[in-house]
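The values are calculated or read from the model by the stated rules, or taken from the named source; none is laboratory data. Owing to the predicted nature of the structure, the values given are computational and were not obtained by experimental measurement. Virtual Cβ from ideal backbone geometry, glycine too; neighbours counted across all protein chains shown. With ligands, DNA and RNA removed, areas are computed over all heavy atoms of the protein, side chains included. Shrake-Rupley method; radii C 1.70, N 1.55, O 1.52, S 1.80 Å.
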Amino acid sequence: MKAINKIYVNGEFITPHGTEVIDLISPVTNRKTGEVRLGDEVDTQNAVSAAKEAFKTFSKTTKEERIRYLEKLHSVISGRAKDLTDIMVEEYGGTFQFSSMVTQNMLSDINAMIDTLKAFEFVQAVGSSKVYLQPVGVVGIIIPWNMSNGFIVTKLSTAIAAGCTAVVKPSEMSVQQTEIMAECFHAAGLPKGVINFVNGLGDVVGAEITRNPGISKIAFTGSTAVGKIIAKGAVDSMKRVTLELGGKSPNIILDDANLEEAIPTALLAAYLNSGQACAAGTRLLVPESKLEEVNAIAKAAVANQIKVGDPKDSDTIVGPMVSKKQFERVENYIRIGLEEGATLLTGGEGKPKGLEDGNYVQATIFTNVKNNMRIAQEEIFGPVLVIIPYKNDDDAVAIANDTTYGLHAYIFSGDKERAYRMASRLDAGRICINGLSHDSKAPFGGFKQSGVGREYGIFGLEEYLEPKAILG
Ligand code: NAD
């Protein structure tokens, strides 16, 4: 049995003041694997005090010093890459394929922030004035369970680049991943108090971060519902807020796309992180005239290329859902899809054969879906793809934008120029053309209810800085 009974405050691993203990449960077996002792409001306040104290000197460090910390962090994380990947697989059932990619992305994200910092001017001439870009202060970082350490690295490397200090509250379902990440930050030799990690519940530690006046900014990744609670609470002390929220991303297959290539790739976009990804391409928009052909290719691809199974296996695409609750939620949406009259193309309710012990959902596709159905509008956060037919390009754009979200989109076309023209008409923070890709320097974030603000590169860095103009 594992016992996670420390938090990381002011440069030390300490026993929390909080006494609540919750179980760690394996998503593969649903058996208890250990316990975690959670932090509380007092722990959060102590962490904020440490970060405030550290800010006095860390905010004055030079660009070169911060670059050295980031380089050290990169080297430490590189050395623990295997541990970081393995614990994702073990703790929440992230597939080995996805988890390995996340670990590699963490390293490229740090490198990208080092490059951004090298090129960034903290004093800029604007008009006849000088503008100083000053670190915003102590940042409260609140994180979901679905790619926990990836988000921590993105946000903390930006905070360090800006000269901010931070208190991180990871999800209570990511404490084992966090423990290794806290060890990495400790080994990177940052001054005490610069980075603090407090495990705890959202309505305890998260709520204290939201209201604590010592925190100047909140960087949140999570659901739109919780993002709204945080934004409302943060306004009392006028905290700056960046919110990375949910999505229901469209994937538009244009009529000149090579379907044999595009459709299997589209399934990978839909089933990214077992479907538990904000950026998953879960609405597949296909030309009406090609619907039957797409259905046939998609059904065959699920049967032949989408393995649902043990997340440790290197060829698994869909692992278990993080928890029993998440499993029930996804199953419920499959029932809703059937009730709404969508056609079940493959998958459906119930666990796949031989995987009854874990939180496994069948890789599921509904076809002939109307965009106003709940399964086309609401974020399911599981391996459920909906195929929606469209009449022409204008109709595809209208359907793609007919959502409260606007995080991500995908377009497949034989003509890149045409795909770019369509991209210019979509309301989404990121759009991938003819594949899945990540760019550690390009901005990431949402239109509409997918969020506020951007992460990565210069757009991300500026969110951690307060411009101060000096005139005359
Ligand atoms: P969640 O919103 O339930 O929880 C996120 C974090 O907020 C957790 O640490 C939780 O403990 C905390 N929290 C909960 N209630 C709180 C409160 N009242 N005050 C302060 N903090 C509180 O999300 P989740 O289930 O952990 O993650 C899945 C969601 O995250 C999905 O909606 C997904 O789309 C979204 N997400 C978005 C992005 C993005 O970059 N846009 C990335 C990953 C996940």
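Which pairs turn up if I take residues in segment 232-245 that are within 28 Å of Ala280 (Cα to Cα) and look for partners that are within 8 Å of the ligand (Cβ to nearest atom) and among the charged types (D, E, K, R) with beta carbon separation below 8 Å, at least 6 apart in sequence or on another chain? That search, which allows pairs on different chains as well, returns Thr242/Glu455; Glu244/Glu455.
Hey, among Lys325, Lys307, which residue is within 16 Å of the ligand (Cβ to nearest atom), free of Cβ contacts under 8 Å to residues at least 40 places away in the same chain and charged (D, E, K, R)?
On the way: Lys307 fails: within 16 Å of the ligand (Cβ to nearest atom).
Within the list Lys325, Lys307, the selection yields Lys325.
Inspect segment 263-270 for any residue being within 30 Å of Arg454 (Cβ to Cβ), more than 22 Å from the chain's Cα centre (by Cα) and within 16 Å of the ligand (Cβ to nearest atom) and give the result as yes or no.
At the first step, the residues of segment 263-270 found to be within 30 Å of Arg454 (Cβ to Cβ) are 265-270.
Next, only the ones that are more than 22 Å from the chain's Cα centre (by Cα) stay: none.
No, the conditions are met nowhere in segment 263-270.
Got a sec? Which helices (runs of 4 or more DSSP H) wholly within segment 207-326 have at least 2 residues that are surrounded by fewer than 24 Cβ atoms within 10 Å (Cβ to Cβ) and not assigned by TED's automatic domain parsing to the domain that holds Ala423? Quick ask: steps written out before the conclusion?
Details: elements: 207-211, 224-234, 259-270, 291-305.
Output list reads 207-211, 224-234.
Based on what the data block shows, is Asp357 within 30 Å of Asp415 (Cβ to Cβ) and either among the basic types (Lys, Arg) or open to solvent by 20 Å² or more (accessible area, probe 1.4 Å) (or both)?
When the stated conditions are applied, Asp357 does not pass them.
Close Cβ contacts (under 8 Å, 6 or more residues apart or on different chains) running from residues in segment 350-372 that are at positive phi to residues that are polar (S, T, N, Q) comprise Gly350/Gln362; Asn368/Thr343.
Residues in segment 412-424 that are of a type in the set (S, T, N, Q) and open to solvent by 30 Å² or more (accessible area, probe 1.4 Å): 1 in all. When segment 60-90 is limited to residues that are in contact (Cβ under 8 Å) with a residue 40 or more places away in the chain and over 27 Å from the mean Cα position of the chain (by Cα), the one that is nearest to Ser157 (Cα to Cα) turns out to be Lys63.
Restricting attention to segment 1-49, the residues being touching a Leu at 6+ places or on another chain (Cβ under 8 Å), in contact (Cβ under 8 Å) with a residue 40 or more places away in the chain and of a type in the set (Asp, Glu) number 1. Listed by position, the helices (runs of 4 or more DSSP H) inside segment 333-426 whose residues that are farther than 30 Å from Pro320 by Cβ and touching an Asp or Glu at 6+ places or on another chain (Cβ under 8 Å) number at least 1 are 393-401, 416-423. Exactly one residue among Ile77, Ile67, Ile22 is over 20 Å from Ser174 (Cα atoms) and not acidic (Asp, Glu), and that residue is Ile67. Pro191 meets all of the listed conditions (1) in contact with a strand residue (DSSP E or B) (Cβ under 7 Å, 6 or more places away or on another chain); (2) more than 10 Å from the ligand (Cβ to nearest atom) but one, namely (1). Scanning segment 442-460 for residues that are more than 16 Å from the ligand (Cβ to nearest atom) and buried (at least 21 other Cβ atoms within 10 Å of the Cβ) yields nothing.
Yes/no per residue for (1) of a type outside the set (Val, Ile, Thr); (2) modelled with pLDDT of 95 or more; (3) farther than 14 Å from Thr44 by Cα:
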position	(1), (2), (3)
Glu183	yes, yes, yes
Val205	no, yes, no
Arg211	yes, yes, no
Ala219	yes, yes, yes
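Being closer than 21 Å to Leu284 by Cβ, within 16 Å of the ligand (Cβ to nearest atom) and open to solvent by 40 Å² or more (accessible area, probe 1.4 Å) holds for only one residue in Asp427, Asp439, and it is Asp427. Condition (residue is surrounded by fewer than 22 Cβ atoms within 10 Å (Cβ to Cβ), farther than 25 Å from Ser108 by Cβ and under 19 Å from the mean Cα position of the chain (by Cα)) applied to segment 145-162: is it met by at least one residue? No, that holds for no residue.
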